[in-house]
Each structure stands twice: as C-alpha cells, then as structure tokens.
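Visitor: Pasting a structure below so you can have a look.
The values are calculated or read from the model by the stated rules, or taken from the named source; none is laboratory data. The structure displayed is predicted, hence computed values, not measured ones. For neighbour counting, all protein chains shown are included, and Cβ atoms are generated from backbone atoms with ideal geometry for every residue, glycine included.
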Amino acid sequence: MNPQMAPSRKGESEPRRASARPAVELAIDGRTVSVPEGTTILGACRGIGIEIPTLCYLETLRPVNVCRLCMVEVDGSRVLVPSCSRPVEAGMKVHTGTERVRHTRKLVLELLASSVDLSTTPGIDALLQEYGCRPERFGPRAAAADAGVRDGAVAGHHEPPDPRTAATVAQPVKVDNDLYVRDYGKCILCYKCVEACGPDHQNTFAIAVAGRGFEARISTEMAVTLPDSACVYCGNCIAVCPTGALMVRSEFDMRAAGTWDEARQTKTDTICPYCGVGCTLTLHVQDGQIVKASSPLANDITRGNLCIKGRFGWRFVQPRERDGRAREGDACA
Amino acid sequence: MDIRLPEAEPSDEERIAIDALLGPPESAWDGGSRGRSRDSHVSYGGRAARERRHLLLPALQALQARVGWISEGGLGYVCARLSVPPADAWGVATFYALLATEPRPRRVVHVCDDIACRARGARALTAAIESECGAPLPHAENGGHIALDRERPAWMRSPCLGLCDAVPAALVTEAGTSPIERQLGNVTIGLVRSLLAGAAPPKTDGAAEAMVPQRGDPALRLLARAGSVDPTRLDAYRAAGGGKALARALELGPERVIAEVVESKLVGRGGAAFPTGRKWDAVRRQPATPHYLICNADESEPGTFKDRVLLTHDPFAVVESMAIAGFATGCEKGYLYLRAEYPLAHERIGNALSQMRRAGMLGENILGRGVRFDIEIRRGAGAYICGEETAIFESIEGKRGEPRNKPPYPVQHGLFGKPTVVNNVETLANIPRIVLEGGAAFARTGTAQSTGTRLFCLSGNVARPGVYEVACGTTLGALLELAGGVPNGRRLAAILLGGAAGAFVRPDELGLRLTHEDTRAAGVTLGSGVVMVFDETVDLHDAVLRIAAFFRDESCGQCVPCRVGTVRQEEALHRIAGGCARGGVAAELALIDEIGVAMRDGSICGLGQTAYAAVESAVKRLRLFPTAERKKS
Amino acid sequence: MEETDVIFLWGSNAREAHPIWFHHLLKGVRNGARLYVMDPRRTASAHWADVWMGLEIGSDIALSNTMAREIIHAGLAHKDFIARATEGFDAYRASVESYTLDHGERITGIPAAAIREAAHAFARADRAMICWTLGITEHHTAVDNVLALINLCLLTGHVGRWGCGANPLRGQNNVQGGGDMGAIPNRLPGFQDILDPATRGRFERLWGVTLEPRHGKNLSEMLHAIEHGEMTSLFVIGENPAQSDADQRRVERGLAGLDNLVVQEIFLTRTAQLAHVVLPAAATWCEGEGTVTNSERRVQRIKKTVDPPGDARDELWIISEIARRLGRDFGHPTAEDVWNEFRTVAPHFAGGMSYARLEALGGIQWPCPDESHPGSLFLHGRLWETPRGGRAAPFSVVAHDPPVERPDAEYPFVLTTGRRLESYNTGVQTGGYDSPLHFGESLDLSPEDAERLGVATGDAVRVTSRRGSLVAPARVDRCLRAGMVFMTLHFPDEVTTNVLTIDAVDPKSGTAEFKACAVRVERAAAAAETPFAGAGRR
C-alpha cells in the first residue's frame, strides 16, 4: 500500500489483536457460561473451576489434541470432543463428567500407563486413582527393547504380538551430552517437544515424530545423537515435557544419586545475566545451590523459553575458584 | 531456515533424480555449487523457499524410484533444495511404508497378505515364498539393520493392494534410471521365484474382463465405458459420449451445476456418505481463496478396488468430472491423490491429463470460455491413513499423513489452509450424468434417500469377483447372485461389508438392502463398497487377527486411543486365539470392547473410530469367539 | 515485532546473539512479515530471510542512502510525515542524490535490483522496523551508521507507531540500564543533560556536591588519557577490558602503566590479574538485588537467589564502603533505596516504577512518570500528534566512509568479529558450562579461501594483522565469501583475537571498529594452541 494513501497508519498505537471479541454463551454441565469468542472449551471450563485433565496441552503451544485425555461430550457430536482445541460455539451443550467421558479418559490413562513409564509424570498417580485405572489388566509389561530397535522400526510392519506380555515403549535412556537426557521409555508422544523445538517457539526443528503407529517416536534425522543433530540445547523441549522423558542432566544425575528433592527446593525469579532481551530466569535452588533454571510460561518475553546460555549458563556462579572458572564437576554435574 | 544439513553428500544419481523433479538449483544457497558471483552478496529464500515444502514427498519418492532407498546424502540434498529441516524430512520418510530409510534392494516384490488374498490362498503362497526364497524384509531381529546385497531382489508382505479380483496379488518395484512399478494379479510361487531371480515382470494392461463382469450391460452407468472403450485415447472417449458434460456444465454455470448435484441427492462414495452438493456449495461460498479440489484416489480400504477400475479403464471420465467439480466450486487447481500401488492408473490418468490439456479441456482457458483449471497427480507412498480426507491434505503438503481434528472442516480450512472439496473417485464419476440428465433424473434411480447406482467390490469366495454396478437398494443376496454366488458348492460363512472398517454380516442377512438407511438401521455400513465373501473353509479368526494387525500397522500413531488401543486390541485377540485368555474369553471380550469404545469415542479420525468395527461385528454378530457361558448355553 | 509487515535486521545475528528475541521475530515472520537481513555474512539469522543482502563490510551508509534515494525518486517517501514531524529533509535529499542504484551496487556489492526491491518493500509497508546490533555500531562510523538507519525510518514514517521503529538490540542484560542510571560520560540519571545548569543544579542540591559542567570520557578516550599520563587511576566494575577491547596489546600496556587499578569482579579475570586491588563481588543477577533494563526499555527486577561465595560482597556494599572510606558516608542503602532515589531525580522517566509495580507487572517500559502509567510500548508517538508534540526529528546528513583499514597485498583479508550462540563476550561466564556446541575459537573462512590456502577445518592457521599475530584452528564456513574471515572474542585465554583488532574509534561514541581490520592468513607450521572440536557444518 502506498503510504500516502494510508491514513490509518497515523498515530496507530495499539496491537492489532486488541479488538474485543464478542461473547459466546454456552452450557457446561448445565451451567450457562459466557466467554469471549475463540475461547476453547477447556478455557471455558477452567474459567468456572471445572477441572479437566490434560497431558499434551500447554497454554504456550498450539493444541495438538493427541492425548485425548481432555475429551468432553458435546450434544450433537457423534464422538467425544477434545476440549483443549475446540473453540466454543453459541448454544453448545458440553458435558464434562459423563460415563462416556470418564470411560475414554480412563482408557487413555490405562493405555498410557501400561505402555509408558510414568514414574516421573507429575500428578499422574492421582489421575490413575481418580479414574480407577488398572493398567496391569493388559498383561505384564514386555521387556525393554534394545537400544536402537525402536529407532529402526519400519512403517507398516510389526512382529505378531507376544500373548504373554503387553507391548511397551521401554528402551534405554539416551545420554549423549552433558546438558540433557532423553528417556523415551517415558515418552507419551504428546508432540510438545516437537512443537516447542519447531514452529511454536524455537524453530530449530532438531526433532520430529518419526515412524508411525505404536512405533512412532521422537527422533532426530537418521536417529543421530544430539551432538550430531541440529540441536542448539535451548532445552525448550525439556520445559514442555509433561513426563520427565526429557530432563536436564543435573536433575537426572541428582535423581540417580537419590539427592533430588523438590521439597527442599525454592524457586526465585530473576533476570538472565546474558544478552539484553531480559528473559526471566527461575532459579531452582536446593541446599544453597542452583540445580536447574527455567522460565515462567506466563512471561511475555520468554513464554517459558530460554536459550542455551539462559538454561545452562548459570553454572559460573556455583562455587568458583580463583582461576576464574567454575570448578570442574560442580555440585550438580 | 537455519537448517543443519547432514555431512554426507548426495550421489550423482540422487542429485540427478532430484534435479529432474525440481529443476537445477538456483543458487549455492539451495543446494547448488558455489562460484556464481551474485551468491556472495544476495540470496532469496524465506517464505518462497519454505513454500516449496509440499514437494517433499514427490522428492523422496524420486529418490526411492531412482535409488531404491533414501540415504543420508539424498535426504540432505532434498532438504537443501526445499528448505526442510532433516529431522522433519526424516519424520516424513519413515511414515510411509513404500519409502525405505535403510538400504533396500533395488527390486522388491510386495506380496499381498491381506484378508481378500488370504481367503484365496495368500497364506500358502507367502509360506511357500518364505520356505523357498527366505524371510521377507524387514528383518525384525536386528531392527532392519542388515548388510544386504542391493542387487539381489527381496520380498515383503503388503497390506491390500487393491487387486482383490485377481488374487493373490503382488506389486513389483524396481529402482533405477527406468524404474519399474507393476501390479500383478493371480500370482504364483513360480512367478515370485522368477521375479526374485531377476526375471522381468510380465506386462499387464489391466485387462478389463476380469474386473467388469457386467461389461456390455446397457444399464451400466459408471461402468458404461470400462472395458469397452479404449482408455488411452481421448477421441475414443469422446466418440463414446465423453466430454459433453464439461461443455454443458460451463453453459449452466457453477450455481446451476451445484443445484443439480444437490437435487440428485448424491452422497460421497468413499465411506462417509456426506451429501456432495452441500459440500460443493459450502466450498463455493467460502470467501477465502484459492479453493482447492482433491480427488481422493487413495482407495486403500482392504477389499476395495472400484476406483482402480474407473481410474484405469475410464480415466478421461475421472478427469472430466474433476474439471466440472473444480469449475463449480471455484477451484483453479485440483489434485488427484493416487495410491502408490496403482501404477497403471497413474500412467492412464497422466495420459488423460495431457490429452485433455491439448484438447483445451483443462488449462488456462477451458473450451475457450475463460475458465481456468488444471490437475496435478500426487501419489501416496504406502499409508492407508492418507485416504482420510484431512490426512490427504497433510500428505500433499509434504508432511506425515496425520489426520487433523475437525472442526475446522475442509470446506473452510483444508489444503494449505484454504477451502477444499475432497471427493472420492466414484463420487465424481457420477457427476457427468447428473450434469447431462439433471439431478432429478439421477435421483429416480435407487431409493429416496440413497440415489443412483453404486459400485461394489466383490472378492473372496465368489464365482466371478470384480466390480459390480447396481442400483442403490439392491439386496446383498441379489448382488451375491450377480457374482455367481459362493462357488464349489461351499457354504457361505460370512461377508465383510464395507471393508476392514466395516462389519461382518451373517449368511442370514442376505436380504439386507444396500442403502445407507438400511445398513445404518442394521448397524453396519456400505463403507467403500466392499463385499468380501468368506466360505466355510476360511479361517475367520485369522481374518479378524489380520484386520487387527492391519489397524495397528496403519495407525498414524498420533492419538493415544488408536496408537495404543490397536496394539492392545490385537494382543487380546491373540491371547484368545492362542488359548491364553486372561481371566477367560468373556473377560478378554469385555476388555476388547472397552478399548474399542474408547477408540471409537476418543480417536481423532475415522481410522481409530472404526478400528473396532469389524472386530466388534465378529464378536457380536458372528459370535466368533464363544465364551464359556455361551458354550454352556 | 510480531505484528509488523517488513523487518530489516541490519548488522545483527540475533538468531545466535538474541535467541529469545528471535522467537518473536519468527512469530512476526510466520504472521506474514517479510524479513531482510543485511549482513556481510550469511548468518543463521540470514538463513531465515526472504532476502539476504550481503553488503560489503562497512558499506551500511551507502546501502541506506541508496535505498533512501530510491524511495524518494519512486515517490514513496512519506511526505506528510516528513512535513509534520521532521526537519532537514532538503539537505538530506541532496546528500543522498549521488547514491544511485548503480553506485550503491558498486559500493555494497548487492545487485541494484535487490536494493530497489528492499527499498520499495520498506517504504510501501504498512508497518516496518529496523533492528540492529553491533554490525552497525562496531565501526568507526558507528553513530553515522545509526543515523543512516534512523533517516530511513523518518523518510517512510516508520517511527512512533506500533510495529514500527528503529530498534537497537542490546548485547548485555543491563547495558541499557547503565545508561538509564547515568553510567555514561555525558548524561545524568534518566538521560538528563549534564550541560544544562538547571538540571545540574537540581542534582547538586540533592547530592550535596558540585558537578563539573562537562562530559566525561568514554572508554577509548580513557585509554588515550592513560597512555598520555592524564589518567593514572582506574576503577573497573564488572568489565574485562584487557580482553574485550580492540588492540589488546595496547590495552594491556595501558592498564599495566596505571598507578592504581581497582577491579571489582566475580572472577579473577585477565583485567583483575593486572589490578592493584581486587574487590571480590557478588554476581548481582542472582546473588544480589536490583533492576536491569532490557532492550525494549523494560525495567526488570533481579533478585537474590543464592548467597555469594566466600568473601565476595554485595556490590552496593562495596560501593558504599568505598564512598565511606573516601569520606562520604551514605550508609548502606538497599537496592530499593537507590532505585527510589533515582525515581525522585528522574520522575518523568521512572517516577511510576515502584518495586511493587515492577513486581506486579513483570517489568515496566520507560518512560513511566507516575503510578497510574502502564509504561510505554514505544517511543516517539508524539511525532504523530496534532499539533506535533515536542521538537521535530532531524534528518542527518551522513556519507559513506569505508573501514579505516582495507585489505591490501600484504594483509589481503578482512577480519570481522561477532558472537556465537553458546558463548558470551570474553567467556568469563560461559566458560563455566560444557556443551556440545563449545568448539573453542576458530578462524572461520570461506571454502574458496580454504582451498586456496590449502587448509581444512581443524588445521592450524596463523593470522596476522598490523598489530599482532596468533595461531588458531581454521573452520571452513560456507556462509562467508572469499576475502572475509571471522572470529569471536569468546576464548581470549586460548586465542587472543583482540591482538588483531584495530582501535580505530568512532569519534562520537568511542566504539572501536571491531567489525573490520585487515589480516593475513597462512597455514601454520605449528599446531594450533588449542584443538578444535567443531565438526564442519554445511
């Protein structure tokens, strides 16, 4: 557009998105609710205090609606509806606690718990209990696959199942660098890491979902190690991982040593000491030592993201020596 | 994008294959060699480069066709040319069964191991191949990582190849400068042996006789030309009445065309049975541009081969129908998404496109009336899920064929985020007649709610397998009679109606009228027109296990209910079959039912939602798995 | 940034140097913004560009002036804005008249058609912005370079509006805050004019001291003064000039010749090693309290998270104690006390930014004059007011002036410097963690030059300038063109890059020309001083 013909530019001072969205009225569990157009069902439910469990949803990521835990029943819909991604519509009638809803949630939890190691998934035990899950009813867990076997699976072909056991994604932990580990035996394939590494935030695209079906997995190209991949160690995948499959090395090592104790940790927000962007750093401190850095999801600048320096570059303040360098093998390494 | 490319360089062969598809690189920055002076001070990329992403699948297919697998260097070169991150491209390459990401022999014989072929000898064939020629690929014991002689042909098992009228079926692929892709019917161990020994695969023209048993019947509409008119010559098509509907449609204008389609009450023939006229009208009204048309020719539902017959034996009609649909819905670009396993159809449609472009029936100025529309063929690469109407978008966009959650619906937000109309081949094939005769006339055939004729794919234990066209409302029994019934004096045991996503019906249900309303009332579906007949000699347990394995293999893996549910369903069925049901058969059936309900209620797309359907019908309609209680009674 | 239409990223590799800011840029790109990256290197940032404009090093003014001439001649200048809000346009127009597209192409190396397209896209955009970093300012024409970019914004009216503007990306977390607080040679806190008697008087009354009505010295001037014996004592707080400044040997000589060098540091840096007194300090960003100001003028709280080690002391305590021992006891104010005093002396600037509000709002962008003010999303909106608020924005006449040191037969390469993603400045902080991205220092050169010199990635090369010489591993980088080599300052203990760089200084800002000096590169007989761990990236 020619600027001379663009009077609208004059004094324009507001973000484009600021225009107010009209309200939409719907019914949730019989309660009439009014929310701005474009709100998701999940958002509307949370707004009135109805708890809906989620695993693959995160407010800073585009909803991929793959875990199917947040399903609700909507009148007129043949199947259940993912509340995390479905925008409300005027007159919609939503039911969040019907038998159908509870059945699908229960099965989703059981299917995951029977095939994935959820031992470091926050809040999962309460959910399994709430929905009366018995993941063991699918049979005893199959032995872990050897390293690389799941990475080499060929689409469209699988061995006949072993009737004695239930298939799992168990496999050895990938430890190939000093900064973070990948334990895909704990991966529920929520796609969050792929979204964070990819178009939603980091745009590095070091990882993608490879293969398909039960053999679908998060992978670098040719399943190469992280140092051989495009990874830039921003750790933004770790920040969004809901199960602890991705974990900073300091936490992983402390957990292995039995010294990780979140009850003894404090979190304090400060500002990253590096470039001038001003990222908020949440420092996790245990026993006077920084053990991890993260950033709040609700922060306008970071949206929960950091770069390699922000996430890992704090070690220089750990016990320092007179030679001007952090001591080798400091408290958390 | 600041992508990091693998260190391996492409081979000359790989470079040539990619450049043949994409043209030579324009600069050092998109895969070309350095030295052009301009490159040192300016480069163009960004959005323009990223918008070539949709060529990823064709590029990977070009590598597969030329080299037989996708190497690190080849993948890297594709990524450099198309600005695609290697991990992303790897995710796509590993999604499709016909793309190899480990070294694979140049020639592979894909032998169908699916239910229709199994009903007539496929298990014996694959057992014979395995004992004579060795185990199929991939070798699971080491995750497929084996050193192999790439010049020595190998074989693989394959899901349904869509050649259920000439079983057992196989597909031969051979990479090279003149790649071979050939679908072969009535395969014998002798043929496989010679193919694996390196003999040239026999030529085939997909002779219509076997597939259109009704050939010559004047009542045929959709099949009127199939097998009777030369499918390679536009003049023959025109002489047989082809081409008039397009001219008529241009006279009528889009609104009138859509009005006729609405009046015809035509519904989609791909399985979902959505009213075609409503879909077209919705797309036409969308203000966002451009609009896209997709002809869904990815028929991969086990037991389905009707579209293959239309594509192979009446290709001009498919293209003409697409042109009408494109005109009516305001599209200038159409894609025909063809399943990879139909090489002859690919050749015939390609030929039809070029002849019709030359004749002014496609292109910038159709029939001199200023209408613009053209069609590009995109080929699948071995993924059933890509027949799902939103997975097809992802695949054309160069991504993994993962279905999208709906809404938003394709009519608003489809291919490349634009309003898109997706129609099945058979659905489109009805259009010329509707345009020429009017919707009202069309609706006089069939029943009030299910109008027109329908194609059914008769396979399994019938005397004359093939594609049959009957008016909607014909009974299942009459259709079976038309195909000669169950041969060899054997008793009918069951019919799988609608495909693997359909349901088994019992021999006492032959009075079922083949309409949407009747099948819905009976709790079954017409699906994609599969009528797979099993006589008493067929091991139906095996068929059910194969169906369960099929869904496990073909699940895209995106959503939990389907990804894990299909595994748990197959495991439970194997426990029953193996006599080690946990807590008894009844408990296992209850567990399967719980899984199945969650898959149906909770899955993203039709695959997961129907992955329990056939199993459920086997349990509940056929009572295939007697429980202790039932045995007692 | 996320809602703009055209972005000129000029002399910045923000993808590596400002990664989280680059997230926002990419959101803008995904929302439809067209991205132009002006950089002699085709950096990671440039890989995202719709158009990479690989100008010759130091030809930024020529490129800007060429675009300006094209915009004016194409009738795309924003005449209304120029008339209402600017001054000096006629002189500016006359000054760019000689920068035809062809002339611009000859100086910058960028094809005329590309310059023309970029100029038109910028001028026609509804919203457009220019963002830059040290690629603009580490030249001997630093200020003129900035003025050239500001001219483009004034010419097109891309200033003072949402989604528009001229934005320097700050390289350090509080380089902006230092200026805000008056830690610059020519301004009082809140950028108040030290030469203005009334302003000065206010501070003198408040502080009970007499302020001299003159500008202080910038870093380059200090070094000059040290060399000439005019300055004999130096107090360095949290800076490592012995390794971070250009022409390192000269800096070392200067520091060593001081009568009294006091260094307040968290590590015994190279500079601290030269000091007479070292004051071990807390790392205030997590061991103390205070505020920093980021690139978008957002004042943010930093908080004490852990205790400083050993005898390291809070920095405010150190300053207060030094003041006391110099005879001026102002007790031991807290960081908040100091901040509140600042709010008092610069009320128009920060009056509304109480600690409580900073906490509640997650930082506030200045100016924020009172506690009801939400902070300022962007500056210069006054230029669009009717009648215009404040004085007119001046165009500045600036002319192309190539780098001081140009390649010749003896020193045929241009060495330019910058940052890499995983490291920072002189590596004092980033040396503290290991990562697969830490490859150590290298001399990056083009494949063509590597071939000509017969070196491969990892081979040792000797790099020599008129000031010094070093040996470093070579790294072949496709993103460089022949004749250009690149190094960082991140590993000064291993590779003393700054022995090579030139201290040609911008007279207006005191910044040295880190971005261009002439060097010679030869295969080294000896092995590199450090092994190179980096794999070649294509």
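Visitor: Quick check on my filter: what residues within region B:276-310 are over 19 Å from the mean Cα position of the chain (by Cα) and in a helix (DSSP H, G or I)?
Guide: Once the filter is applied, which keeps residues that are over 19 Å from the mean Cα position of the chain (by Cα) and in a helix (DSSP H, G or I), region B:276-310 yields B:Thr276, B:Gly277, B:Arg278, B:Lys279, B:Trp280, B:Asp281, B:Ala282, B:Val283, B:Arg284, B:Arg285.
Visitor: So for region A:184-194 (the condition being within 13 Å of chain B (Cβ to nearest Cβ), without any contact (Cβ under 8 Å) to a residue 40 or more places away in the chain and in a loop (DSSP other than H, G, I, E, B)), does at least one residue qualify?
Guide: No, there is no match, as no residue in region A:184-194 is within 13 Å of chain B (Cβ to nearest Cβ), without any contact (Cβ under 8 Å) to a residue 40 or more places away in the chain and in a loop (DSSP other than H, G, I, E, B).
Visitor: List every residue pair whose Cβ atoms lie under 6 Å apart, where the two residues are 6 or more positions apart in sequence or sit on different chains, the first residue falls within region C:136-155 and is within 14 Å of C:Leu63 (Cα to Cα) and in contact (Cβ under 8 Å) with a residue 12 or more places away in the chain, and the second residue, located anywhere, is of a type in the set (Asp, Glu) and part of a helix (DSSP H, G or I).
Guide: Taking only residues 6 or more apart or on different chains, the pairs are C:Asn145/C:Asp60.
Visitor: Is there any pair linking a residue in region B:257-281 that is at positive phi to one that is in a helix (DSSP H, G or I) and of a type in the set (Gly, Ala, Ser), with Cβ under 6 Å and at least six apart or on different chains, and which?
Guide: Pairs that qualify, where the first residue is at positive phi and the partner is in a helix (DSSP H, G or I) and of a type in the set (Gly, Ala, Ser), are B:Lys265/B:Ala443.
Visitor: Would you check which residues across region A:158-181 are within 13 Å of chain B (Cβ to nearest Cβ) and surrounded by 18 or more Cβ atoms within 10 Å (Cβ to Cβ) and list them?
Guide: A:His158, A:Pro161, A:Pro163, A:Ala166, A:Ala167, A:Thr168, A:Val169, A:Gln171, listed by residue number.
Visitor: Among the candidates C:Trp21, C:Trp52, C:Trp10, which residue alone is without any contact (Cβ under 8 Å) to a residue 24 or more places away in the chain, touching a strand residue (DSSP E or B) at 6+ places or on another chain (Cβ under 9 Å) and not aliphatic (A, V, I, L, M)?
Guide: C:Trp52
Visitor: Restricting attention to region B:283-299, and to residues there that are of a type in the set (S, T, N, Q) and surrounded by fewer than 24 Cβ atoms within 10 Å (Cβ to Cβ), which single residue is farthest from B:Leu455 (Cα to Cα)?
Guide: Checking each candidate, the answer is B:Thr289.
Visitor: Same structure again: Just checking, which of B:Glu132, B:Glu102 is outside any strand (DSSP E or B), within 14 Å of chain A (Cβ to nearest Cβ), acidic (Asp, Glu) and surrounded by fewer than 22 Cβ atoms within 10 Å (Cβ to Cβ)?
Guide: B:Glu102
Visitor: State all residues of region B:562-594 that are surrounded by fewer than 21 Cβ atoms within 10 Å (Cβ to Cβ), small (Gly, Ala, Ser) and at the interface with chain A (Cβ under 7 Å from one of its Cβ atoms); if no residue qualifies, say none.
Guide: B:Gly578
Visitor: Quick one: count up the residues across region B:534-567 that are within 24 Å of A:Arg137 (Cα to Cα), part of a helix (DSSP H, G or I) and touching a Gly at 6+ places or on another chain (Cβ under 9 Å).
Guide: Count: 10.
Visitor: Then there is this: Quickly run through region C:138-163 and pick out the residues that are over 16 Å from C:Met67 (Cβ atoms) and out of contact with any Asp or Glu (no Cβ under 8 Å at 6 or more places or on another chain).
Guide: Passing the criteria: only C:Gly160.
Visitor: For region B:315-344, give me each residue that is of a type in the set (Gly, Ala, Ser) and touching a strand residue (DSSP E or B) at 6+ places or on another chain (Cβ under 6 Å).
Guide: Passing the criteria: B:Ala323, B:Ala325, B:Gly326, B:Gly330, B:Gly334, B:Ala340.
Visitor: Still on this structure: Take region A:135-152 and flag every residue that is more than 7 Å from chain B (Cβ to nearest Cβ), under 19 Å from A:Glu215 (Cβ atoms) and assigned to a loop (DSSP other than H, G, I, E, B).
Guide: Selection gives A:Ala142, A:Ala143, A:Ala144, A:Ala145, A:Asp146, A:Ala147.
Visitor: Separate question: Please give the strands (runs of 3 or more DSSP E) falling wholly within region B:311-411 in which 3 or more residues are on the phi < 0 side of the Ramachandran plot and among the charged types (D, E, K, R).
Guide: B:371-379
Visitor: From A:Val94, A:Val108, grab the single residue that is modelled with pLDDT of 95 or more, surrounded by 22 or more Cβ atoms within 10 Å (Cβ to Cβ), under 30 Å from A:Pro36 (Cβ atoms) and more than 10 Å from chain B (Cβ to nearest Cβ).
Guide: Only one candidate qualifies: A:Val94.
Visitor: Against the definition (more than 9 Å from every other protein chain (Cβ to nearest Cβ) and either among the small types (Gly, Ala, Ser) or part of a loop (DSSP other than H, G, I, E, B) (or both)), how does A:Thr204 come out, yes or no?
Guide: Answer is no for this residue.
Visitor: Determine which member of the set A:Ala230, A:Ala333 is touching a helix residue (DSSP H, G or I) at 6+ places or on another chain (Cβ under 7 Å), part of a loop (DSSP other than H, G, I, E, B), at pLDDT below 95 and not charged (D, E, K, R).
Guide: Just a single option satisfies the conditions, and that option is A:Ala333.
Visitor: Does B:Gly484 satisfy being at positive phi, small (Gly, Ala, Ser) and without any contact (Cβ under 8 Å) to a residue 12 or more places away in the chain?
Guide: Criteria not met by B:Gly484.
Visitor: Name the single residue that is farthest from C:Ala283 (Cα to Cα) among those in region C:428-448 being more than 7 Å from chain A (Cβ to nearest Cβ) and touching a Leu at 6+ places or on another chain (Cβ under 8 Å).
Guide: That would be C:Ser446.
Visitor: What residue, among those in region C:175-212 that are touching an Asp or Glu at 6+ places or on another chain (Cβ under 9 Å) and part of a loop (DSSP other than H, G, I, E, B), is surrounded by the fewest Cβ atoms within 10 Å (Cβ to Cβ)?
Guide: The selected residue is C:Thr210.
Visitor: Something else now. Name the residue that is farthest from A:Cys197 (Cα to Cα), counting only residues in region A:34-51 that are buried (at least 21 other Cβ atoms within 10 Å of the Cβ) and more than 14 Å from chain B (Cβ to nearest Cβ).
Guide: A:Val35
Visitor: Can you tell me how many residues within region B:260-276 are buried (at least 19 other Cβ atoms within 10 Å of the Cβ) and not small (Gly, Ala, Ser)?
Guide: Matching residues across region B:260-276 total 7.
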